[in-house]
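Below: the structure, in structure tokens.
The values are calculated or read from the model by the stated rules, or taken from the named source; none is laboratory data. Not measured: the values here are computed from a predicted model. Don't worry about glycine lacking a Cβ; one is built from the backbone with ideal geometry, like all the others, and counts go over all protein chains shown.
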């Protein structure tokens, strides 16, 4: 059995397709969190009052209509261009650190390449499709590849959203250090939690780290395609080589 060391865990019930299926359910929540945190920072910068102190009266709305429109435009650019680029740079740097620095044992796992029953690797099916000039087999391979690519893109996008919320939450928590007057949204939350604030922040930071690890630093696997005829032939070849 061929075994390779990997820094990421094997797919489990909490990874892979399960995470991808949950992305559509939490995407709007993460985007809303970005908007609220950004709006809180914008109001602190312009008015000195956070979003919790913002009045929804007509006069207040009209008075702040300009800053709201500009903030909306800036947020669109920030969320769609700036944060994804920063996230990509951060992820690239993190990968370099992971590759070049000693990895803690708890981040490692064994990647098992043992052939699954009746299944073949995508490249094995592609080679057979090309050899036999089979449109049917190539169609199976293409469908599998497109599905894998879609899942990987969705997973990376989920990581981008999580990273964006992390950046904005950090900026919101450090609003006073950034020279913004007033009490930020997270500062209000910490005040309401009292002595439990540090514990809640620590748990939130740990969960964010785990979420980024699952979405950004997954050990991509091309997966298996169920095709017993080829799997049986390849298994027989492997047995003959061992004799």
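Scanning the range 167-181 for residues that are surrounded by 18 or more Cβ atoms within 10 Å (Cβ to Cβ) and over 24 Å from the mean Cα position of the chain (by Cα) gives 175, 180. Would you be able to tell me the number of residues in the range 86-111 that are at pLDDT 65 or above and touching a helix residue (DSSP H, G or I) at 6+ places or on another chain (Cβ under 9 Å)? Total satisfying the criteria: 8. From 168, 83, which residue is under 30 Å from residue 200 (Cα atoms) and at pLDDT below 90? From the options 168, 83, the qualifying one is 83. The helices (runs of 4 or more DSSP H) falling completely within the range 132-243 that include 2 or more residues that are touching a helix residue (DSSP H, G or I) at 6+ places or on another chain (Cβ under 8 Å) and under 30 Å from residue 96 (Cα atoms) map to 135-173, 197-216. There is no residue in the range 112-133 that is surrounded by fewer than 12 Cβ atoms within 10 Å (Cβ to Cβ) and under 27 Å from residue 87 (Cβ atoms). When residue 232 is tested against (1) at pLDDT 85 or above; (2) surrounded by 12 or more Cβ atoms within 10 Å (Cβ to Cβ), only condition (1) is not met. Contact map, the range 113-138: first residue at negative phi and in contact (Cβ under 8 Å) with a residue 40 or more places away in the chain, second residue loosely packed, with under 11 Cβ neighbours inside 10 Å and assigned to a helix (DSSP H, G or I), Cβ cut-off under 8 Å, separation 6 or more or different chains; pairs are 115/238.
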